[in-house]
C-alpha cells in the first residue's frame, strides 16, 4: 500500500486505504476513525467523496414532494419533538379525506411526484377522543385510514406516496406496499440508554431500538424500498452512532432494501423539553456523513436535510452525500417548521457548481426500479410512465 501521509496514524491510514480499494470497514476501524481528531476531517471528506464518485455517476438527486401531515397526534412523547400534539390542543389535527386530496392535488399541480405522508404513531391506542374522530371517518385504526388515503392519492393524482407511519405490523406494511413507492422509518439510535428514565425517549415506547429494527427487517422481507437513518445530537455516544450504522447495515446486507441513509441533526425547538439543549456541530455531522459512506460504501445514498443545514450544503457535497432528500415547493417541513426548504434553483446551482448533475428522482430510487420484485404492479405501471431510462423523473423538454 502507498502511504497517504506521514502525519496520519498508521491504523487510520490502513483503514482508509482499504476503503479506497473497495473493501469493507470493520466496526473496530470505524470506532477508531470517528474518535479521530478533527484535523483529519479534510482528508476524510476527500476519501468519502472519492468513494462516492467511484460509481462514475456524477449525480446528486432530490425529490419534489408535497408534505401531507395526516395527524400530529402521537402515542410517543419524544422530548425534542415539535410536531406531536395531544388531542386537546388547539392545533391537534386529523386531516379529513377532502383535505388530503385537496393538498395532494395542489402538489400535483405544482409538479410534485412524491406524496410524503407523515403521522403520529398509533394515537388510537392512547387517546379515546382520537379514536372517536377516527371512527367517524369509518376506521378503527390510523394505518387503515393511511392505506385508503395513499390509494386515493395514487389514483387521483400523478403522485407516488411515500409513508412514514412509525411502528407498524408486517401485514400493515404489506397492504401499504400496494400504493406506496417506498416506506420510511428513522431508526434514530440503537441506544437503549436513551429510552431510560431521563432520556429523550423515556416516554416513547415506539422508539425501542429492537422494535424499530423489526420494522426495517420486515420491509426487507417484503421487498419494500426503505428509507431510514440516524438522529444526531440527542445524547448518543460515538460508539452508539457506529453501532447504529452497523445495525442498519446488517439488515441491508441481508435484504438489499435500504435506499438511503439520512443523517439528521437535532435542532432545538421552543416549547419542548430539549428546547435549550446544545445542537451538534457541523464537524460532528460531517464526520458521521463520512462514517456512513465508509461503512456502506459507494452505492448507498447518504443524505443530510438541507433545510436544517442551509449554510453548509457545499460542505456536505464535499463530504460524500448523494442526495438532498425531499423538498416541497408548496408545504413546510411540518416536523421542523422553523426551518424553511431551500429554493430548488439554489440547490441546483450549488450542485452544478461542484461538478454534479442535479437530478430529480421519484420516491423510489433508480436502483429499485431496476431490481426485480421491489414494486407492486400498480406502482410499477405508474413509475414506468414517469421515469426516464436512468430511473429519474422524465423531463418534458
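No value in this document is a laboratory result; all are computed from the given coordinates. None of these values were measured; they are calculated from a predicted model. So basically every Cβ, Gly included, is an ideal-geometry build from the backbone, and we count neighbours across all protein chains shown.
Before moving on, here are some points about what is shown:
- Peptide packing for 161-170, 64-73 was compared via the average number of neighbouring C-beta atoms within 10 Å per residue; ordered from the highest value, the list is 64-73, 161-170.
- Alpha-carbon centroids, segment 255-287 and segment 177-253: separation in whole Å: 13
- Length added when fully stretched, residue 239-residue 129, from 0.36 nm per residue minus Cα-Cα: 35.4 nm
- Highest-MSF residue in the chain out of 48, 244, 110 [GNM, Cα springs under 10 Å]: 110
- The stretch between residue 197 and residue 20 holds 59.5 nm of extra length on full extension. This uses 0.36 nm per residue minus the Cα-Cα distance.
- Fraction of antiparallel bridges per DSSP, the chain only, in percent to nearest 5: 5
- Taking 0.36 nm per residue of separation and subtracting the current Cα-Cα distance, fully stretching the chain between residue 353 and residue 386 would add 9.1 nm.
- Likely footprinting exposure, 77, 149, 45, fewest C-beta neighbours within 10 Å first: 77, 45, 149
- At R0 = 45 Å, FRET efficiency that the Cβ-Cβ distance of residue 53 and residue 105 yields, to 0.05: 0.70
- Over segment 59-386, Cα pairs under 8 Å with separation of 6+ residues give a relative contact order of 23 percent.
- Gyration tensor verdict on segment 200-312 (Cα atoms; rounded if a/c is under 1.5, prolate if a/b is larger than b/c, oblate otherwise): oblate
- Estimated inter-spin distance, residue 90 and residue 268, nm [label 7 Å along Cα→Cβ]: 2.6
- Within a Gaussian network of the chain (alpha carbon springs, distance under 10 Å), most fluctuating of 241, 25, 364: 25
- Whether segment 59-386 is rounded, prolate or oblate, judged on the alpha carbon gyration tensor where a/c under 1.5 counts as rounded: rounded
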